[in-house]
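Before any comments, here is the structure.
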Amino acid sequence: MTKTNFDFLIKIDKNLSDIIIDAERLYRGDFFDQCIGQTRRYAERICRDVLGENRTSEITFDEMLATLKDKSNGLEEEKEFIDDLYFLKKQGNLSVHGAKVEKNATMALECLQRAFEVGLNYAVFYKKAPQKLLQLHYDAELLITGEPSKKSLSEKYLEAKEQATKTSPKPKKKTTKNKPKKDKPQVSVMKSVPKKNGIPPFWIIVGISLVAALFAVIYILL
């Protein structure tokens, strides 16, 4: 028998597991709109079961969801559970009442993943199944091949990261152009000549000559 992501539901509720396992078969057959519609049917069935005795006059899925939300204790798990149910209802309605076949594989896969989370919460918190079920993760490889993945999500992530690093182009090294060397500025140093103290000999001779000439003129005049 082919394994599925929803095998944990078989012992809890066989009819419910048949509905959602059929949704996985539809996905593998590329019947994506029908797969989405089947996840909505599955979600409505779970909503009805969870309401149980709290259900009164509710008929439609909308009415049951509204009552379920009103009865919620505000826990984070309950909030996520109800949000997933709303999501499956909305996408199921769009798929069933759409004017054309969308063949949206991505949305169908997300619906299956949300249905998986809904199933885990339903099993653990409403059917008192073992808490270890919450450690399960949706396996897309199991969905396609019917065989569980041999590697964990973390291992796949590390492999994908390593592969991306290998295939990503290496950044080009910046080439530095040879810049012309700047000529060193020529520095001319002017040495200052120290001033000499006293009267130069030249002027002393000139002074004596003038004095002698002066005396000579006076002598002639006398």
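Can we say Leu85 is surrounded by 10 or more Cβ atoms within 10 Å (Cβ to Cβ) and modelled with pLDDT under 95?
no
May I ask you to verify whether Ile12 is touching a residue at least 40 places away in the same chain (Cβ under 8 Å), aliphatic (A, V, I, L, M), closer than 19 Å to Gly119 by Cβ and in contact with a Lys or Arg (Cβ under 6 Å, 6 or more places away or on another chain)?
In short, yes.
Can you give me the ranges of the helices (runs of 4 or more DSSP H) entirely in the range 18-125 with at least 1 residues that are more than 25 Å from Gly146 (Cα to Cα) and out of contact with any Asp or Glu (no Cβ under 9 Å at 6 or more places or on another chain)?
Output list reads 32-51, 61-70, 76-97.
I'd like the residue in the range 45-65 that is among the aliphatic types (A, V, I, L, M) and surrounded by 12 or more Cβ atoms within 10 Å (Cβ to Cβ) and, out of all such residues, is modelled with the lowest pLDDT.
Only one residue tops the list, namely Leu51.
So which residues in the range 27-44 are under 33 Å from the mean Cα position of the chain (by Cα) and open to solvent by 40 Å² or more (accessible area, probe 1.4 Å), if there are any at all?
Correct list: Arg28, Asp30, Phe31, Gln34, Arg40.
The values are calculated or read from the model by the stated rules, or taken from the named source; none is laboratory data. Note that the structure is a prediction, hence the values are computed from the model and not measured. Reconstructed Cβ throughout: ideal geometry from the backbone, glycine too, with neighbour counts over all protein chains shown. Remember, those area values only see protein heavy atoms, side chains included, never the ligands or the DNA or RNA. Shrake-Rupley method; radii C 1.70, N 1.55, O 1.52, S 1.80 Å.
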